[in-house]
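Notes for the one structure printed next.
The values are calculated or read from the model by the stated rules, or taken from the named source; none is laboratory data. The shown structure was predicted, so the numbers you read here are calculated from the model rather than taken from an experiment. Heads up, the Cβs are rebuilt from the backbone with ideal geometry, glycines too, and the neighbour counts pull from every protein chain shown.
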Amino acid sequence: MSADHTVLIVGAGPTGLTAACTLLRSGVPVHVVDRRRGPATAPKALVLWSGALEVLDRLDVAAPLAERALPLAGASYWSRGRKVAKVRFGGLGNTRFPGPLCVPQPVTEELLYARLTQLGGTVAWNTEVSSVTQEADGVTALLRDVDGQESATTASWLIAADGMHSTVRGTLGVPFEGATYPRDFLLGDVVLDPAGGIELPDHEAQYHLTPEGVLVVVSLPEGGHRVFFDQPAGTREDRPEKPELQQLLDARGPGKWRISEVWWSSRFQVHTKVAASFRSGRVFLAGDAAHVHSPAGGQGLNTGVQDGFDIGWKLAAAVRSGDTGLLDSYQHERRPAAVGAVRNADRQTKLWLVRNPLVRRLRDVLLGRLSSSGALERRIIPELAQIDLDHTGSPVVQQSSAPADGVRPGRRVPDLPLTPVHGTKATTLHAYLAAGRHTVVVLDDGRAATEAARAAEEARGRAHPELSDVLLVRTGPTETPKAGGAPAYDLATTPAGSTARTAQAVYVRPDGTVGARVPLDGPGRVAELLAHLPVLAPAQSGDLPGQR
């Protein structure tokens, strides 16, 4: 069995590429295979929300992606020819990405693939997995190339990101539980001419909810629009052409819009399914191999990207520390997140498909009231953004009943304005943490905090290879360290006059979640913090990738 800690990744879509880049950044070798001839060309998924954008930012992909994306300003809901509700995007707090971006999936894959090659990775295209077997110390996969030639490869771990019809999931016998909608769905990326009708959506998504079905229209970065319809299952099986799309547009749209060109179209069924387990021994399911959704809200790709990052950093930590206990948390944390995303998308889809006239009127009234009160934005946007997932019950998160200054293990670390003093140019805590490293943040301006930061820094260099950063955040006015007298660790201060915070040391995971916190009320508290999680256990002996 292979002893080089290689991770085999099956599938080079956004999920698999995210996992591969995350592992390579930590020095863990990967072997990526994909049955396709090359990166995706079909637009497919379209919207990236805050949680996925933060992941892509940690991989240095978000900035070039934003240059090719269209920021979406909001969504509107229409019924019986009038606007009944609207939702504004761009106001989400506690994130560096307050609104969603519209960008076709091939762009996301292209940039992730480019980042993979920059990190020294490659993809074996035209290669599929036909079977998987496991042993106590590794995985063996039988690979088949485009010519039908078979070969066996071994790895320490396997990430299955091979889509809804996952061969790996089937080989393992993991149930894929859920249902299929009794409707077919049609997509078309088109050029629309308003032809004297109401204005075309601009930086917006429109939902036209009619008795015959839904029409969704979304602005595209290239200047066109995506149109989306449903129809009874089995109506047709061929790819939608311009006449069919135009007929549906005439029946459900505001009138007079004309399709002048069709760039791409697709007809498909929508499933709502989740794998019974996201882990089987040394194999982890991620992305569409683990969960499939309605396209409502654009949750599929977003959830998959976060799957890829989560299992990526956890596998890297396990390889580097030699402690695999952290890997148990992948199932505990990502499956509830996927179930929630599937549930939210299903709820929106059922909202589209209401047929009963009385229920439709009640729906429209409710949407209008929720919209006018702002409740629609307050509830829907955070769910879609997926930036503050609840990991308080995770087996690797410290169980704590009372948060201190908003710092609660298992939840996202609050943002904090910073005034740089030494070692960093970041002006907010989230900006500092954007690199996605394991960090201990020491909060307070007292001697205990300074000593705690020194202790954490010394531990980082001595025995904790996964602890990438130690950040001291001083509260209240204080003298700037003299030249040459600044500590070795990163040092920053909040603006003078800010509210004093409880003296504490906080472990922040690469995903921005608080893993543990301890008050600085006695000696040895930092050692207690570092010993709490397997991810920060001292490295074992052996030549591990990326070991300091």
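Miscellaneous remarks
- Residue match in region 66-73 (condition: farther than 26 Å from PHE268 by Cα and in a helix (DSSP H, G or I)): yes
The rows are residues; the columns are (1) surrounded by 18 or more Cβ atoms within 10 Å (Cβ to Cβ); (2) within 29 Å of the chain's Cα centre (by Cα).
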position: ARG412; (1), (2): yes, yes
position: PRO417; (1), (2): no, yes
position: LYS425; (1), (2): no, yes
position: HIS430; (1), (2): yes, yes
position: LEU433; (1), (2): yes, yes
position: VAL440; (1), (2): yes, yes
position: ARG447; (1), (2): no, no
position: GLU451; (1), (2): no, no
position: ARG454; (1), (2): no, no
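- Residue within region 253-269 that is under 21 Å from ARG355 (Cα atoms), surrounded by fewer than 19 Cβ atoms within 10 Å (Cβ to Cβ) and under 27 Å from the mean Cα position of the chain (by Cα) present: yes
- In region 73-89 there is at least one residue that is under 19 Å from the mean Cα position of the chain (by Cα) and either within 27 Å of ILE381 (Cα to Cα) or free of Cβ contacts under 8 Å to residues at least 60 places away in the same chain (or both).
- Residues being buried (at least 19 other Cβ atoms within 10 Å of the Cβ) and not in a helix (DSSP H, G or I) - total across region 164-178: 3
- Leading residue by the ranking (farthest from ALA289 (Cα to Cα)) among those in region 319-344 that are crowded, with 19+ Cβ neighbours inside 10 Å, within 21 Å of the chain's Cα centre (by Cα) and among the aliphatic types (A, V, I, L, M): LEU326
- Residues in region 108-122 that are in a helix (DSSP H, G or I), in contact (Cβ under 8 Å) with a residue 60 or more places away in the chain and of a type outside the set (Asp, Glu) were compared, and the one that is surrounded by the most Cβ atoms within 10 Å (Cβ to Cβ) is THR108.
- Taking helices (runs of 4 or more DSSP H) as the structural unit, those lying wholly within region 261-375 and holding at least 2 residues that are in contact with a helix residue (DSSP H, G or I) (Cβ under 9 Å, 6 or more places away or on another chain), polar (S, T, N, Q) and more than 21 Å from ALA179 (Cβ to Cβ) correspond to 300-321.
- Scanning region 345-367 for residues that are surrounded by 18 or more Cβ atoms within 10 Å (Cβ to Cβ) and either touching a Pro at 6+ places or on another chain (Cβ under 8 Å) or among the small types (Gly, Ala, Ser) (or both) turns up just one, ALA345.
- Exactly one residue out of GLY497, GLY476, GLY446, GLY515 is at pLDDT 80 or above, not hydroxyl-bearing (Ser, Thr, Tyr) and not assigned by TED's automatic domain parsing to the domain that holds GLY322: that is GLY515.
- Selection status of PRO64, in the same structural domain as GLY300 (by TED's automatic domain parsing), out of contact with any Lys or Arg (no Cβ under 6 Å at 6 or more places or on another chain) and closer than 28 Å to HIS430 by Cβ: yes
- The residue that is surrounded by the most Cβ atoms within 10 Å (Cβ to Cβ), counting only those in region 392-410 that are modelled with pLDDT of 90 or more and in contact with a Lys or Arg (Cβ under 7 Å, 6 or more places away or on another chain), is PRO409.
- Cβ separations smaller than 6 Å between residues 6+ apart or across chains give the following pairs from region 252-277 residues that are without any contact (Cβ under 8 Å) to a residue 60 or more places away in the chain to residues that are surrounded by 14 or more Cβ atoms within 10 Å (Cβ to Cβ) and assigned to a strand (DSSP E or B): ARG252/HIS208; ARG252/THR210; ARG252/LEU215; GLY253/LEU215.
- Search result, residues across region 226-246 that are of a type outside the set (D, E, K, R) and touching a residue at least 60 places away in the same chain (Cβ under 8 Å): PHE228
- Exactly one residue out of VAL214, VAL218, VAL227 is touching a Cys at 6+ places or on another chain (Cβ under 9 Å) and of a type outside the set (S, T, N, Q), and it is VAL218.
- Residues of region 135-161 classified as surrounded by fewer than 15 Cβ atoms within 10 Å (Cβ to Cβ), part of a strand (DSSP E or B) and not acidic (Asp, Glu), total: 2
- Taken as a whole, the condition of being at pLDDT below 75 and either outside the structural domain of VAL28 (by TED's automatic domain parsing) or assigned to a strand (DSSP E or B) (or both) does not apply to THR439.
- Output for region 14-36, where each listed residue is hydroxyl-bearing (Ser, Thr, Tyr) and over 20 Å from LEU467 (Cβ atoms): THR15, THR18
- Hits in region 141-184 (condition: among the hydroxyl-bearing types (Ser, Thr, Tyr) and touching a residue at least 24 places away in the same chain (Cβ under 8 Å)): THR153, THR154, SER156, SER166, THR167, THR171, THR180, TYR181
- Hits in region 67-85 - residues which are modelled with pLDDT of 95 or more and charged (D, E, K, R): GLU67, ARG68
- Which listed residue is buried (at least 21 other Cβ atoms within 10 Å of the Cβ) and either without any contact (Cβ under 8 Å) to a residue 40 or more places away in the chain or aromatic (Phe, Trp, Tyr) (or both), from LEU285, LEU249, LEU301, LEU315: LEU249
- Residue tally, condition in a strand (DSSP E or B) and surrounded by 21 or more Cβ atoms within 10 Å (Cβ to Cβ), over region 88-102: 1
- Candidates GLY51, GLY38, GLY16 - the one that is closer than 24 Å to ARG169 by Cα, small (Gly, Ala, Ser) and not in a loop (DSSP other than H, G, I, E, B): GLY16
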